[in-house]
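Heads up: the structure comes next, in structure tokens.
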Amino acid sequence: MDFKIGDEFEEVNEEESKNKKSSNNIFPIIIIAVVSIVCGVVVFLVSNTLFGKKEIKPNPIKSVELSLQEENVQILYEYVTYGAGEERNEKFIKEKNVNINTFTNQEKFYFALQFAQVEDFENTERLDESNHKIYNIPSNIVREYMERFFGPNITYTTNNVITYPFSFSINDQNVGTLTYNEEEDGFDTVFDGEEEDMGDDEYVQPYYTELVKAIKEPDGSYVLTENIIYTDVIDNGDNTSTINIYKDYAHTELIETKPNQTSAILESHPIDIKDYSEKCSTITYTFKLNDNMLYFDNSKINE
């Protein structure tokens, strides 16, 4: 059979040419596909960023300054400025740090019983040895008042005799003596004394205070700030006095001395704590929240 080398060479070149054309057609398709995928991903991400649902983050709750006339502020301030006979108890005025562990058992009753009412005491129809009527206040009511002031973790003992000057009178007597009665599960109380309110007859008080700030914290607790100065009066023996004004209860940090003070001067120009707002000490009172009830947690004197 006859054949030509040239003819065979031409057939081979045509086959290789077809393979090369086929390869050259695949690469552009792959590139187009990759570019399309990349573009699609980019478009999706951009669209999702611009039009997708955005997560709304809640604004953080911040501390809020309250009006000093706000009801809770006034109630809480009365808690810590309470005093039998209208004379303020000095617990928070003289102790730099006060918390639930720094109260004596007597002091716990003192601050808890400020909430007591006439209706809490039931006439038992019994008489003591001196023929005084015996009344009884149930233990659960005393517990309620303890928790109102000190919170749910308060502990106290009932084996002490408590003498207390109440803000009301029963049988014209306001001083009651409380003794725990286990059988009645309450405190037998005899009203057999009277304590009069202490007036402010002096021209100079031993201390001057002013509530200046109230803050509500994010956790619901309240922080009250009170300015305070302390005084010491020295009689000069010539109808004049020297008045020293201090930052502390112990009278060691002197703020100012006012010499040659007479009753007339003090009456016309009484001591005003606002004049010492930049130099005075402050007491901060913190009240915690428990089941919608605010209770005393701690206080601190900052000199």
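The values are calculated or read from the model by the stated rules, or taken from the named source; none is laboratory data. As the structure is a prediction and not an experimental result, all values here were calculated from the model. Here the Cβ positions follow ideal geometry from the backbone for every residue, glycine too, while neighbour counts run over all protein chains shown.
Give segment 65-89 a look and list any residue that's in contact (Cβ under 8 Å) with a residue 60 or more places away in the chain, over 16 Å from the mean Cα position of the chain (by Cα) and not in a helix (DSSP H, G or I), or say none.
Of everything in segment 65-89, just one residue is in contact (Cβ under 8 Å) with a residue 60 or more places away in the chain, over 16 Å from the mean Cα position of the chain (by Cα) and not in a helix (DSSP H, G or I), namely Glu87.
Within segment 103-126, work out how many residues are exposed (fewer than 15 other Cβ atoms within 10 Å of the Cβ), in contact (Cβ under 8 Å) with a residue 40 or more places away in the chain and assigned to a helix (DSSP H, G or I).
Residues flagged as exposed (fewer than 15 other Cβ atoms within 10 Å of the Cβ), in contact (Cβ under 8 Å) with a residue 40 or more places away in the chain and assigned to a helix (DSSP H, G or I) within segment 103-126 amount to 3.
Which of the numbered conditions does Leu178 fail, given that it passes all the others? Conditions: (1) surrounded by 14 or more Cβ atoms within 10 Å (Cβ to Cβ); (2) assigned by TED's automatic domain parsing to the domain that holds Leu294.
(2)
In segment 195-209, is there at least one residue being surrounded by fewer than 17 Cβ atoms within 10 Å (Cβ to Cβ), of a type in the set (D, E, K, R) and more than 20 Å from Gly85 (Cα to Cα)?
no
Sort through Tyr249, Tyr208, Tyr230 and tell me the only one that's touching a residue at least 24 places away in the same chain (Cβ under 8 Å) and in a loop (DSSP other than H, G, I, E, B). Full working, then the answer.
Values: Tyr208 fails: in a loop (DSSP other than H, G, I, E, B); Tyr230 fails: in a loop (DSSP other than H, G, I, E, B).
Going through Tyr249, Tyr208, Tyr230 in turn, just one is touching a residue at least 24 places away in the same chain (Cβ under 8 Å) and in a loop (DSSP other than H, G, I, E, B): Tyr249.
Which residue, of Gly176, Gly151, Gly186, is small (Gly, Ala, Ser) and closer than 25 Å to Glu87 by Cβ?
Values: Gly151 fails: closer than 25 Å to Glu87 by Cβ; Gly186 fails: closer than 25 Å to Glu87 by Cβ.
Result of the check over Gly176, Gly151, Gly186: Gly176.
Given the structure, is Asn160 of a type outside the set (D, E, K, R), assigned by TED's automatic domain parsing to the domain that holds Glu119 and at pLDDT 95 or above?
Working: of a type outside the set (D, E, K, R): yes; assigned by TED's automatic domain parsing to the domain that holds Glu119: yes; at pLDDT 95 or above: no.
Answer is no for this residue.
Within segment 216-247, track down each residue that is hydroxyl-bearing (Ser, Thr, Tyr) and either closer than 12 Å to Val204 by Cα or not assigned by TED's automatic domain parsing to the domain that holds Thr282 (or both).
First, pick out the residues of segment 216-247 that are hydroxyl-bearing (Ser, Thr, Tyr): 221-222, 225, 230-231, 240-242, 246.
Residues satisfying the conditions are Tyr230, Thr231, Ser241, Thr242.
Would you tally the residues in segment 127-163 being of a type in the set (Ser, Thr, Tyr) and either in contact with a Gly (Cβ under 8 Å, 6 or more places away or on another chain) or part of a strand (DSSP E or B) (or both)? Can you show your working first?
Within segment 127-163, the first condition is being of a type in the set (Ser, Thr, Tyr), and the residues that meet it are 130, 135, 139, 145, 155-158, 163.
From what is left, the residues that are either in contact with a Gly (Cβ under 8 Å, 6 or more places away or on another chain) or part of a strand (DSSP E or B) (or both) are 135, 139, 163.
Summing the residues that are of a type in the set (Ser, Thr, Tyr) and either in contact with a Gly (Cβ under 8 Å, 6 or more places away or on another chain) or part of a strand (DSSP E or B) (or both) in segment 127-163 gives 3.
Output the residue which, of all residues in segment 211-265 that are of a type in the set (Gly, Ala, Ser) and farther than 16 Å from Ile301 by Cβ, is surrounded by the most Cβ atoms within 10 Å (Cβ to Cβ).
Of all residues in segment 211-265, those of a type in the set (Gly, Ala, Ser) come to 214, 220-221, 237, 241, 250, 263-264.
Those left that are additionally farther than 16 Å from Ile301 by Cβ: 214, 220-221, 237, 241, 263-264.
Numbers: Ala214: 22, Gly220: 13, Ser221: 16, Gly237: 7, Ser241: 20, Ser263: 13, Ala264: 10.
Across segment 211-265, the extreme among qualifying residues is Ala214.
For segment 266-303, which positions are in a loop (DSSP other than H, G, I, E, B), of a type in the set (Asp, Glu) and exposed (fewer than 12 other Cβ atoms within 10 Å of the Cβ)? I'd like the intermediate steps shown before the answer.
Initially, segment 266-303 is screened for residues in a loop (DSSP other than H, G, I, E, B), giving 269-272, 277-280, 291-292, 303.
The next check asks that each one be of a type in the set (Asp, Glu); those that pass are 272, 278, 291, 303.
Hits for segment 266-303 are Asp272, Glu278, Asp291.
Filter segment 175-216 down to the residues that are within 30 Å of Ala264 (Cβ to Cβ), among the charged types (D, E, K, R) and at pLDDT below 95 and list them by number.
Within segment 175-216, Glu196, Asp197, Asp200, Asp201, Glu202 meet the criteria.
Test Lys247 against the criterion of being closer than 26 Å to Gln74 by Cβ and basic (Lys, Arg), and give yes or no. Break it down stepwise before answering.
On the way: closer than 26 Å to Gln74 by Cβ: no; basic (Lys, Arg): yes.
Spelling it out, it is not the case that Lys247 is closer than 26 Å to Gln74 by Cβ and basic (Lys, Arg).
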